[in-house]
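Have a look at the structure below before the remarks.
We did not get these values from a lab; they are worked out from the coordinates using the rules stated. Predicted model, so just to flag it, every value in this text is computed and none were measured. Cβ: placed from backbone, ideal geometry, glycine included. Neighbour counts: every protein chain shown.
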Amino acid sequence: MAAAEHPMQALADYLPEGSFESVADYLHRHKVHLTITRERKSVLGDYRNAIHGKNHRITVNGNLNNYAFLITLLHELAHLLTYEQFGHRVNAHGKEWKYIYGSMLANFVTKKIFPPDIEAELRHSLNNPAASSCAEEGLTRVLRKYNEPKENIRLLEELPKGSSFKIKDGRIFEKGERLRKRYKCKEQQTGNFYLFSPVYEVRPL
């Protein structure tokens with residue numbers, strides 16, 4: 001799916017029921033140029049501040065399920081609000097951003113936009129949200145339940161130790177031991193070791 005600029009009403013198809021009006025208000029009020037793009041391996045969304053009279057720019061991956069799309073969009077809108085208040089004087093995911101993002105999430109949680117399992121995970125992180133929803137393992141697990149099924153795709157934590165798996169770029173690894181929060185896995189071709197999140201999606205071999 002190529003990047004696309006969608007009419008505001010079409011945006012409703014990407015959002016959970018009951019969230020469109022609040023999201024549209026943010027986009028109108030802060031003059032956001034929103035682009036829905038194809039899946040990107042490294043990011044779910046990003047934000048670029050307004051320069052030279054142009055609007056703020058936000059992109060969000062269009063392959064996300066509705067709940068993940070909303071959470072990602074709120075994440076990027078929180079960057080916008082942080083920039084409007086503090087400019088470049090604060091860290092991208094510092095306490096100022098965490099407060100704003102947490103407040104935005106709390107607003108949508110209060111409106112009962114999310115199903116109970118996602119709401120419970122969001123409540124755990126409202127006071128100290130992670131820089132990425134992918135960094136919050138519990139949230140990643142419950143959001144995944146609302147994805148379209150993918151054939152022969154599993155979470156790394158579901159595979160037994162010593163099993164082989166392939167990642168999106170085609171490389172093959174052997175699952176090793178867990179070191180604190182991540183698994184140490186050996187790339188078969190090079191013998192190099194890499195650390196993977198337990199909730200990283202892989203293809204078992």
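No other residue among Gly138, Gly176, Gly191, Gly162 is within 21 Å of Asn63 (Cα to Cα) and small (Gly, Ala, Ser) apart from Gly138. Of all residues in segment 114-128, those that are closer than 14 Å to Leu143 by Cβ have Cβ atoms under 6 Å from Cβ atoms of residues that are of a type in the set (Gly, Ala, Ser) and assigned to a helix (DSSP H, G or I), 6 or more apart or on another chain, in Glu121/Gly138.
Selection of segment 62-73 for residues being out of contact with any strand residue (DSSP E or B) (no Cβ under 6 Å at 6 or more places or on another chain) and surrounded by fewer than 22 Cβ atoms within 10 Å (Cβ to Cβ) yields Asn63, Asn65, Asn66. For segment 159-172, the condition holds for at least one residue, the condition being that it is over 30 Å from Pro115 (Cβ atoms), in contact (Cβ under 8 Å) with a residue 24 or more places away in the chain and of a type in the set (A, V, I, L, M, F, W, C).
For Gly87, the stated conditions do not hold, so it cannot be described as among the small types (Gly, Ala, Ser), surrounded by 13 or more Cβ atoms within 10 Å (Cβ to Cβ) and either over 23 Å from Lys145 (Cα atoms) or without any contact (Cβ under 8 Å) to a residue 40 or more places away in the chain (or both). When you scan segment 98-113, do you find a residue that is free of Cβ contacts under 8 Å to residues at least 60 places away in the same chain and closer than 16 Å to Ile58 by Cα, even just one? Scanning segment 98-113, I find at least one residue that is free of Cβ contacts under 8 Å to residues at least 60 places away in the same chain and closer than 16 Å to Ile58 by Cα, so the answer is yes.
Keeping to segment 91-123, report how many residues are exposed (fewer than 13 other Cβ atoms within 10 Å of the Cβ), part of a helix (DSSP H, G or I) and not hydroxyl-bearing (Ser, Thr, Tyr). Of the residues in that region, 3 qualify. Only a single item in (1) surrounded by 15 or more Cβ atoms within 10 Å (Cβ to Cβ); (2) farther than 22 Å from Asn63 by Cα; (3) among the small types (Gly, Ala, Ser) is not met by Ser197, and it is number (2).
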